[in-house]
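One structure is given here, and the rest of the page talks about it.
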Amino acid sequence: MFNLPQALKRLVIGKAMRSEELGETLLPKRLALPIFASDPLSSVAYATQEILLVLTVGGTAFLYLTPWIAAGVVALMVVVVASYRQVVHAYPSGGGSYEVVSRNLGPNSGLVVAASLLVDYVMTVAVSVASGVDNIISAFNGLADYRVPMAVGFVAILAAMNLRGVRESGKAFAAPTYLFIGAILIMIITGLIRALFGDTPVAESAAFGIVPVDGKDTLAGLGLLMLGLRAFASGCTALTGVEAISNGVPAFRAPKSKNAAATMSVMGITAIVMFVGVTALALMSKVHYVDDACQLTGIAGDCSGYTQQTVIAQLAASIFGGTDSILFYVVQAATALVLILAANTAFNGFPLLASILAEHRYLPRQMHTRGDRLAFSNGIIALAVVAGGLLWLYGADVTSLIHLYILGVFTSFTLSQIGMVKHWNRVLADETDSSVRGAAHRSRIINALGAVTTALVLVIVLITKFTQGAWLAVLAAVVLWVMMRGIRRHYDAVADELAIDDPREESVRPSKVHGIVLVSKLHKPTLRALGYAQAFRPDSLEALTVAVEQDATQELERQWENLDVQVPLKVLDSPFREITKPVVGYVRTVRRTSPRDAVAVFIPEYVVGHWWEHLLHNQSALWLKSRLLFTPGVMVISVPWQLSSAPRADHPARRAPGSVRRGEPARAKDVPEPEKV
């Protein structure tokens, strides 16, 4: 029988993979780089832009701060990359910051990191996709009205690709990432060579003046410091996603730690080179980028209808000779692609972290389950739904979303570096080998420096972004932390409740078993249920019906007598035409009369083949089961009757391995071997 949903599922995610094929999904470094590092690599497309966006509130007066702020971002990138290389070697199991903090600072601190990272992964998807859509609109202004549908659609495509498995998504995303790196490096080299020979590129927006926000052009002292810190905090978006490699170490080929550390180094060097190059060219070409286009002077026509090109778009146009150049569209296409694919870092990091948290009983166990393609499908779907909702809620606007960003990642940076310092302290306390102690001392210095710098940035981000929307990210992380604690308490309470205290007492048999078969009509499903109940050989057995309509009940009694059914039929009165309440009340009465006895309730049920048939059958049975399951000492047993529309197990396409069709001789390979005891 053709199954349309199953066919569509196979079309989207591909053929199911066996569990032992997990090793075939491990990644070489060339695929791991675009999968785990596309976020920090792509951030060069908007990190410089965010710095300029903050500084231009004062007109052009404070753009001289840009190189110093960029230098601070680069220094921080070096420290963070060096610090996380230590994490990769010390904790190769893939927990990253969460594992480091949980082991060294305790589970509650670990949950703070986990909640922060989960929120940040969601924001990575939202910001990256929104920024990618911005670059598409920079090349094709007519698409501006379709910003939100495009963004949500890209999230759905990313989710579908990741549901096909880590390796397949890596193959699909590798080419655009490397194309972006190549395009940006060619743009930087071309622009610098032109500047070296006296032909410095000039951006389109260089001709526009900038009207400062009221009072912002005269900032000095503390006000100027706060402006600089706010610009630095925005520029630190370049560091998002750095920790994803430390979370994904298990996905690397052996030697895992060595390959992950090497990939992190390549990522750091490449990101720094591109960020410095883009920032230098933006200053040389005098790019002006503002929050509100009406701050620009010299625009022809209505400023409210003017769409600013992104910094990358302005640089590509000025370096390659305008928007008619094919290289301009190559840069824009590569930038848009990699920004959208940068969300793939989160699509790998979020499910991995959620899986570890589920294994530790902080998230639902379903998050630890691998799908048909050995990916953590539930985590991928959850991330796509939440990120898509954020894009819809905020209109896929980068400026609105960016304020919710980077807070979580710097929380995890800071706590993980503090945890690593404690880790090295423990190593130094136990180690006597001088060479190992020397390496531990160096590592401790690196992590201590990382802890101090990232803590400083965290404070800056909190101060400068909290009132602009970052409080929502803080609130989301707090809610998530409380929720995970509650989930862990629930799982712990269930485990305690189910633990065996006294095996003899827990395994004691009931004195008797009372069998009850629920009956509405006398037909084939009823007879099957009666026969099935008799096969159980209960100490007593009776059929039970509810007299909702007197005529129908009398007809049932007449048929029961005519067919000479050897099971007594008990009729319950129901003056208010209820079914569930009289049955549940009767079963509870039986239980109260004989507390040491068990009651087995057999319910005939239809098995249907179409979703809409569920609406026509089984509603009473489902409601009865849900009520009876809450009664201690009562077993509810469904006796299925397959309607003609239901798929049959003996259908050639659906037979279980080793099964034999009725009337077909068994072959040797069809007969299962006896189990060894």
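The values are calculated or read from the model by the stated rules, or taken from the named source; none is laboratory data. Predicted model only: the values in this text are computed from it and were never measured. Cβ atoms come from the backbone with ideal geometry, glycine included; neighbour counts cover every protein chain shown.
Taking the residues in the stretch 292-348 that are within 18 Å of PHE180 (Cβ to Cβ) and more than 38 Å from the chain's Cα centre (by Cα) as candidates, determine which candidate is modelled with the lowest pLDDT.
SER325
Quick one: which residue in ILE356, ILE319 is farther than 28 Å from GLN295 by Cβ, in the same structural domain as GLU99 (by TED's automatic domain parsing), among the hydrophobic types (A, V, I, L, M, F, W, C) and part of a helix (DSSP H, G or I)?
Criteria check complete, one pass: ILE356.
Quick one: which residue in TRP424, TRP471 is buried (at least 22 other Cβ atoms within 10 Å of the Cβ) and over 17 Å from LEU111 (Cβ atoms)?
TRP424
Suppose we filter VAL73, VAL100 for residues that are within 30 Å of LEU26 (Cβ to Cβ), buried (at least 24 other Cβ atoms within 10 Å of the Cβ) and either modelled with pLDDT of 80 or more or out of contact with any helix residue (DSSP H, G or I) (no Cβ under 9 Å at 6 or more places or on another chain) (or both); which single one remains? Please lay out each step first, then the result.
Details: VAL73 fails: within 30 Å of LEU26 (Cβ to Cβ).
Within the list VAL73, VAL100, the selection yields VAL100.
Please note which helices (runs of 4 or more DSSP H) are completely contained in the stretch 488-590 and include at least 2 residues that are of a type outside the set (Lys, Arg) and modelled with pLDDT of 85 or more.
Correct list: 524-535, 550-562.
Which one of LYS570, LYS465 is under 25 Å from THR593 (Cα atoms), among the basic types (Lys, Arg) and surrounded by 11 or more Cβ atoms within 10 Å (Cβ to Cβ)?
Numbers: LYS465 fails: under 25 Å from THR593 (Cα atoms).
Exactly one of LYS570, LYS465 is under 25 Å from THR593 (Cα atoms), among the basic types (Lys, Arg) and surrounded by 11 or more Cβ atoms within 10 Å (Cβ to Cβ), namely LYS570.
Taking into account only those residues within the stretch 128-142 that are part of a helix (DSSP H, G or I) and hydrophobic (A, V, I, L, M, F, W, C), which is farthest from TYR289 (Cα to Cα)? Explain how you work it out, then say what you get.
The initial filter retains those residues of the stretch 128-142 that are part of a helix (DSSP H, G or I), namely 128-139, 141-142.
With hydrophobic (A, V, I, L, M, F, W, C) added as a condition, the list becomes 129-130, 133, 136-137, 139.
Details: VAL129: 20, ALA130: 17, VAL133: 17, ILE136: 17, ILE137: 16, ALA139: 16 Å.
For the stretch 128-142, the residue satisfying everything is VAL129.
Scanning for something touching a residue at least 12 places away in the same chain (Cβ under 8 Å), in the same structural domain as LEU415 (by TED's automatic domain parsing) and in contact with a Lys or Arg (Cβ under 7 Å, 6 or more places away or on another chain), does the stretch 183-195 turn up at least one residue?
No, the stretch 183-195 has no match at all.
Can you confirm whether GLY59 is touching a strand residue (DSSP E or B) at 6+ places or on another chain (Cβ under 7 Å) and either at positive phi or of a type in the set (Gly, Ala, Ser) (or both)?
Yes: the conditions hold for GLY59.
Return the only residue of LEU229, LEU225 being surrounded by fewer than 14 Cβ atoms within 10 Å (Cβ to Cβ) and either modelled with pLDDT of 80 or more or touching an Asp or Glu at 6+ places or on another chain (Cβ under 9 Å) (or both).
Just one listed residue meets the conditions, LEU225.
Among residues belonging to the stretch 491-501 that are without any contact (Cβ under 8 Å) to a residue 60 or more places away in the chain and either surrounded by 11 or more Cβ atoms within 10 Å (Cβ to Cβ) or among the β-branched types (Val, Ile, Thr) (or both), point out the one that is nearest to LEU363 (Cα to Cα).
If we take residues in the stretch 491-501 being without any contact (Cβ under 8 Å) to a residue 60 or more places away in the chain and either surrounded by 11 or more Cβ atoms within 10 Å (Cβ to Cβ) or among the β-branched types (Val, Ile, Thr) (or both), then VAL494 is nearest to LEU363 (Cα to Cα).
Hey, among the residues in the stretch 464-484 that are closer than 21 Å to MET226 by Cα and without any contact (Cβ under 8 Å) to a residue 40 or more places away in the chain, which one's farthest from the chain's Cα centre (by Cα)?
THR467
Could you identify the single residue in GLN314, GLN309 that is in the same structural domain as LEU118 (by TED's automatic domain parsing), farther than 30 Å from SER412 by Cβ and either in a helix (DSSP H, G or I) or in contact with a strand residue (DSSP E or B) (Cβ under 8 Å, 6 or more places away or on another chain) (or both)?
After ruling out the rest, the residue left standing is GLN314.
Going through the stretch 318-348 one residue at a time, which ones are over 30 Å from VAL122 (Cβ atoms) and crowded, with 24+ Cβ neighbours inside 10 Å? Break it down stepwise before answering.
Taking the stretch 318-348 as the starting set, the residues that turn out to be over 30 Å from VAL122 (Cβ atoms) are 318-330.
Result: SER318, ILE319.
Select the helices (runs of 4 or more DSSP H) contained entirely in the stretch 20-106, then report the ones holding at least 1 residues which are under 29 Å from ALA175 (Cα atoms) and of a type in the set (Val, Ile, Thr).
Once the helices (runs of 4 or more DSSP H) in the stretch 20-106 are filtered for at least 1 residues that are under 29 Å from ALA175 (Cα atoms) and of a type in the set (Val, Ile, Thr), what remains is 29-42, 47-55, 66-90.
Which fully enclosed helices (runs of 4 or more DSSP H) of the stretch 367-463 have 3 or more residues being modelled with pLDDT of 80 or more, more than 18 Å from the chain's Cα centre (by Cα) and among the small types (Gly, Ala, Ser)? Quick ask: steps written out before the conclusion?
Values: elements: 377-393, 398-402, 407-430.
It comes to 407-430.
I'm told ALA280 meets every condition in (1) within 21 Å of LEU185 (Cβ to Cβ); (2) at pLDDT below 90 except one. Can you identify the failing condition by its number?
(2)
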